Amino acid sequence: MMLTQQHVSGLSTALPPRLTSRASLRGARAVAPSKTFVSRRCRAKAVVVKAEDTNWGRELSSAVVRVGAGVLMVHNGLDKLADPEGFAKFVVEPYLGFLPREDPLSFVTWTYLAAGAELVGAAGLTLGFLTRLSALSLFSTMGLAVYFHVAQSGLEGFPLGVVEKHQYAYEPAALYCLVYFYFVVNGGGALSLDNALKKDD
């Protein structure tokens, strides 16, 4: 079958035009959105959504608990520093004798370490500075306190036992442990020095 010039002209008319000229390419580039512009807009939108999603009631209550649990711990550290030898002799040596005692460690050294954790760790937790590390140091000392009280007086009928002093001997230390464990896992939150320093970076 022979293609006449009329057929060829019809075919060329039916084919879509190609963007071969420089002007057409410039037009196509102008229409196409910039990847950088889109990504920046997406990031800005993501930041706005994140700020709107902050639960400030939860953050404020978490900060109150964090500050309270830090301030209330300070006197425990001061109490150990008032008589480190006595604490080492009557608490650490008879009930926590499994702690390492190789030089330079001793029962008195462990007393000073516990006092340091309860002072420095309490300050860090209160400010929300190095929150997880501060909470971990306090969680460790309170965990040993729970062990001491249980070794001394047993479980006292936990959880249904009614005791003469109206609370189990290990109860305050156990409650502290739960609070500090929360901050080990979750950190200081939005109202902490850690978060403020992170924003500055």
Response to the item:
Counting only protein heavy atoms and leaving out ligands, DNA and RNA, the solvent-accessible surface of His75 at a 1.4 Å probe, in Å² to the nearest 10, equals 110 Å²
Worksheet item: Which order do Trp56, Trp110 take when ranked by solvent-accessible area (1.4 Å probe, heavy atoms of all protein chains), largest first?
Response: Trp56, Trp110
Worksheet entry | Anisotropy class of segment 67-201 from Cα gyration tensor, a/c 1.5 cut | oblate
Worksheet item: What does the charge count near Ser192 come to, summing +1 for each Lys or Arg and -1 for each Asp or Glu among other residues with Cβ under 10 Å from its Cβ?
Response: 0
Worksheet item: When the chain is fully extended, how far beyond the present Cα-Cα distance does Phe158 get from Phe181, taking 0.36 nm per residue of separation?
Response: 6.2 nm
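The values are calculated or read from the model by the stated rules, or taken from the named source; none is laboratory data. Just so we're clear, the structure is a prediction, and the values are computed from it rather than from any experiment. Note: ideal-geometry Cβ built from the backbone for every residue, glycine included; neighbour counts use all protein chains shown. Just so you know, the surface numbers come from the protein's heavy atoms only, side chains and all, with ligands and any DNA or RNA stripped out. Shrake-Rupley method; radii C 1.70, N 1.55, O 1.52, S 1.80 Å.
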